[in-house]
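See below for the structure under consideration.
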Amino acid sequence: MNNIFVFCEIDEGKVADVSQELLTKGRSLANELKCDLEAVVLGHEIKGIEKEIAPFGADVVHIADDKKLEFFLTLPFTSIIVDLFEKEKPQIALFGASSIGRDLAPRVSSALMSGLTADCTSLIIGDHEDKKAKKKYENLLYQIRPAFGGNIIATIINPDHRPQMATVREGVMKKEVYKDDYKCKVKNIEVGSILTDADAVVEIVERHIEARKIDIKKSQIIISGGYGVGSKENFNKLFDLAELIGGEVGASRAAVDSGFVDHARQVGQTGVTVRPKLYIACGISGQVQHTAGMEESAMIIAVNTDLSAPINKIADYVITGEVGEVIPRMIEAYKKNSK
Amino acid sequence: MTGLKIIVLAKQVPDTRNVGKDAMKADGTVNRAALPAIFNPEDLNALEQALRIKDSYPGSTVTILTMGPGRAAEIIREGMYRGADNGYLLTDRAFAGSDTLATSYAISCAIRKLDFDVLIAGRQAIDGDTAQVGPQVAEKLGLPQVTYAEDVLKYEKKRITIKRRLERGIEIVSTPVPCVITVNATAPDCRPRNAKAIMKFKHAKTITELQGADEDYMKMHDDRPYLRIEEMSVVDVQADTKWLGLSGSPTKVKTIESVVFQAKESKRLTSSKSDINALMNELLANHTLGN
């Protein structure tokens, strides 16, 4: 009882990366709180799925396997999770901040009247004193996230309500196998006794989901462009450099919104989080929504014309100049020196 | 076929995308007064979807519901200028400090007082980016929800077909009405203001805004009931104050820090060929580039 629960999403028949990342975070929180880590996974024909979950340190895996759960649907998923949480009374429940988690978690929190914090960038355990009510709380989950367009970082707590719920985006937490042969207990959820006809009113008519293609997270070198790159043509120069030095092209939200590149390349709070050995930020001012997704890069080079751009403060090298001029010079210099 | 009664949930938000230098106060808190208040962008996408339903199914009505301070009536008028028929302003001091759960409780109480077939909202507001209020309202009202909607395709036999835009593709779902739909920024932009609608609704006011108006102005309002933007208070919507404001909010803000970057020692370079050549050489030498 009062354990940490991680909702595991199924993506292309496998446990999603974001869920495994949350299991890793959940394991370390569970060790700190000296409680168990439990996972819950819903799907169809997912026998043996616990093998993808246990190595991340899950003590218990709750499995709901039913045709009605083949694809995510809000109502049946909510009913099952709410039923489980009412019985198990988790102290903490974590969800991926995906289109699934961001649809499901608020619904569950509303049903349980518990608090939920979206898109956390950090989760830590800490104490709290409510001076007005003269109450002390130990071992709360600090849910830390940027707010107000990224201009502030807020630490949110849920002192009195359980579970303490949070969503976290893919790539924010590190995924790490805890023990290859970690033993978990499997508990099957009796789907038939929970779902009613009312859970089946929404139907999926068609699905066209593409396989993952662009995945810049795996690249050790990322050349990212922002609004300051100015044009699609200039973005092509970033692609030229990326190809030459074996990297991938990333982008800020402003560049994606301007239609310069595909959303899959977006780095930051509403995109992916990356930790390459080299990150070249071109024409990116460095709002916290962006830097939250790349500040752990081993080396950062900023290229821009604005001496006061916030990105310059976290950069190891700052090149002051036009992106359209600097990138071709980098290409030229690399070709000359790498021979 | 009779039309659909649509309620658009909209929020007036500070324009966090255009944060100037005076947006933060010296003590690190946000200076809301320095930020322009705007119609939350994705709520405009939601309004457009509502107006498209109204265009396709004659007899439909579009009502704006917003929760906020008195000045939030501005976005109701803005919605009217673009094609909405009327609006409600849910406003009360008791709402102050509400988190998403308390907000969804307040909104669900207000909606219970209204007649509707479809609730449409933006996926999320730019001041919080949580995307929680839509689903939380749906749960409180016991309604199905369709999030990440990009296009309301059709309405027939009491069901709506909706295209959703997900991370790596689309999904088309069919839901019975009544239901809650939240709309993505990838949906079509909202149509602009319409000159006729501006003429019609420029004097639309809440009762609070009418305070101190002269007799002639009041008479005009009495003669044209469509000019009234209805205000709703906690009492009007029969909400229990223990579920509102700080007491109704399970989440508390423990601390807020304004974002100050830790300055690193960074090397400054120019865009000259020699500087860039030296940098690339260094990166190759320390194996950041190459092997």
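The values are calculated or read from the model by the stated rules, or taken from the named source; none is laboratory data. The structure presented is a predicted model; accordingly, all values stated were derived computationally and were not measured. Glycine gets a Cβ as well: all are built from the backbone with ideal geometry, and neighbour counts include every protein chain shown. Accessible surface is based on the protein model in full, side chains and every heavy atom, while ligands, DNA and RNA are left aside. Shrake-Rupley method; radii C 1.70, N 1.55, O 1.52, S 1.80 Å.
Name the residues of region B:59-102 whose accessible area falls by at least 30 Å² when all protein chains are present instead of the chain alone, probe 1.4 Å?
For region B:59-102, once contacts with the other chains are taken into account, B:Leu101 lose 30 Å² or more.
Mind putting together the pair-distance distribution for region A:4-200? All Cα pairs, 10 Å bins, whole percent per bin, short to long.
Spelled out bin by bin, region A:4-200 gives 9, 37, 37, 14, 3, 0 percent.
Please compute the Cα-Cα pair-distance distribution of the protein assembly as shown with 20 Å bins starting at 0, giving whole percents from short to long.
Distribution as computed: 18, 49, 29, 3, 0 percent.
Radius of gyration and Dmax for region A:121-164's Cα atoms, expressed in Å?
Looking at region A:121-164, its Cα Rg and Dmax stand at 11.7, 33 Å.
Residues with beta-carbon under 12 Å from that of A:Gln220, excluding A:Gln220: net charge, scoring Lys, Arg +1 and Asp, Glu -1?
On the way: positive: A:Lys217, A:Lys218, A:Arg275, A:Lys277; negative: A:Glu248.
With Lys, Arg at +1 and Asp, Glu at -1, the net is +3.
In chain A, once you exclude exposed GluC sites (Glu not before Pro) (DSSP loop, at most 15 other Cβ within 10 angstrom), what's the longest stretch remaining?
Details: sites that count: A:Glu12, A:Glu45, A:Glu70, A:Glu176, A:Glu190, A:Glu210, A:Glu296.
Answer - A:71-175.
Which percent, nearest 5, of DSSP beta bridges in region A:4-200 are antiparallel? Please list the in-between numbers first.
On the way: 15 of 41 bridges.
Counting only bridges with both partners in region A:4-200, antiparallel ones make up about 35 percent.
Heavy-atom accessible surface, probe 1.4 Å, ligands and DNA/RNA ignored: which residues of region A:177-205 lose at least 20 Å² versus the isolated chain?
A:Val201, A:Val202, A:Glu203, A:Ile204, A:Val205
Along its principal axes, what span do the Cα atoms of chain A show, with the longest given first and each in whole Å?
Cα spread of chain A along its principal axes, largest to smallest: 67, 53, 40 Å.
If the reach is capped at under 19 angstrom between alpha carbons, list the lysines near B:Lys154, excluding any in the same chain fewer than eight residues apart.
Result set, ordered by chain and number: B:Lys5, B:Lys54, B:Lys163.
What is the antiparallel percent of DSSP beta bridges lying wholly in chain B, to the nearest 5? Don't jump to the answer; show the numbers that get you there.
Details: 18 of 46 bridges.
Taking every DSSP beta bridge within chain B, about 40 percent pair in antiparallel fashion.
Specify the inter-centroid distance of region A:41-107 and region A:225-263, based on alpha-carbon positions, in whole Å.
So the two Cα centres are separated by 37 Å.
Once Lys and Arg get +1 and Asp and Glu get -1 on their Cβ, which of A:Pro310, B:Thr182, A:Val82 lies farthest toward the positive end of the dipole of the protein assembly as shown?
Ranked along the dipole, the leading option is A:Pro310.
Am I reading the B/A interface right? What is its buried accessible area, both sides, 1.4 Å probe, to the nearest 100 Å²?
On the way: alone 17120 and 17350 Å², together 27500 Å².
Looking at B and A, the buried total is near 7000 Å².
Are there any trypsin sites (Lys or Arg not before Pro) in region A:176-218 that are in a DSSP loop and have at most 15 other Cβ atoms within 10 Å? List them by number. If you can, show how the numbers build up before the last one.
On the way: sites: A:Lys179, A:Lys183, A:Lys185, A:Lys187, A:Arg207, A:Arg212, A:Lys213, A:Lys217, A:Lys218; in loops: A:Lys179, A:Lys183, A:Arg212, A:Lys213.
Hits after loop and neighbour filter: A:Lys179, A:Lys183, A:Arg212, A:Lys213.
Taking all protein chains in place and a 1.4 Å probe, what share, in percent, of the accessible surface of the protein assembly as shown do carbon and sulfur account for? The partial results should precede the final answer.
Values: 13520 of 27500 Å².
Taking all protein chains in place, the protein assembly as shown shows 49 percent carbon and sulfur surface.
Filter A:Lys89/B:Lys113; A:Lys34/A:Lys183; A:Lys277/B:Lys252; A:Lys34/A:Lys187 down to the pairs with a C-alpha to C-alpha distance above 29 Å, please. All intermediate terms of the calculation are to be shown ahead of the outcome.
Working: A:Lys89/B:Lys113 34 Å; A:Lys34/A:Lys183 17 Å; A:Lys277/B:Lys252 37 Å; A:Lys34/A:Lys187 21 Å.
Beyond 29 Å: A:Lys89/B:Lys113; A:Lys277/B:Lys252.
Quick one: net charge around B:Leu65, please, counting Lys, Arg +1 and Asp, Glu -1 for every other residue with C-beta under 15 Å from its C-beta. Don't skip to the end; give the middle numbers.
Numbers: positive: B:Lys5, B:Lys11, B:Arg77, B:Arg112, B:Lys113, B:Lys140, B:Arg228; negative: B:Asp43, B:Glu74, B:Glu78, B:Asp85, B:Asp92, B:Asp115, B:Asp117, B:Glu230, B:Glu231, B:Asp236.
Cβ neighbours under 15 Å give a net charge of -3.
Using a cut-off of 16 Å between alpha-carbon atoms, which aspartates and glutamates can reach A:Lys87, once sequence neighbours fewer than 8 places away in the same chain are excluded?
Qualifying aspartates and glutamates at Cα under 16 Å: A:Asp36, A:Glu38, A:Glu190.
Give me the inter-chain shielding for A:315-322: mean count of other chain Cβ atoms within 10 Å, whole number please. Before the final figure, lay out the partial values.
Values: counts 4, 5, 8, 4, 9, 5, 6, 1.
Across A:315-322, the average partner-chain Cβ count within 10 Å equals 5.
Considering only protein heavy atoms, what per residue accessible area in square angstrom results for region A:4-200 with a 1.4 angstrom probe?
Values: 7810 Å² over 197 residues.
Ligands and nucleic acids excluded, the result is 40 Å² per residue.
How big is the convex hull of the Cα atoms of chain B, per residue, in Å³? Could you put the intermediate results ahead of the total?
Numbers: hull volume 63.7 nm³, N = 291.
It comes to 219 Å³ per residue, whole-number rounded.
What does the charge count near B:Val173 come to, summing +1 for each Lys or Arg and -1 for each Asp or Glu among other residues with Cβ under 13 Å from its Cβ? Mind dumping the intermediate values first?
Working: positive: A:Arg207, B:Lys154, B:Arg159, B:Lys163, B:Arg164, B:Arg165; negative: A:Asp103, A:Glu203, A:Glu206, B:Glu150, B:Asp151, B:Glu171.
The answer is 0.
Name the trypsin sites (Lys or Arg not before Pro) in region A:46-75 that are in a loop by DSSP and that have at most 15 other C-beta atoms within 10 Å, would you?
A:Lys47
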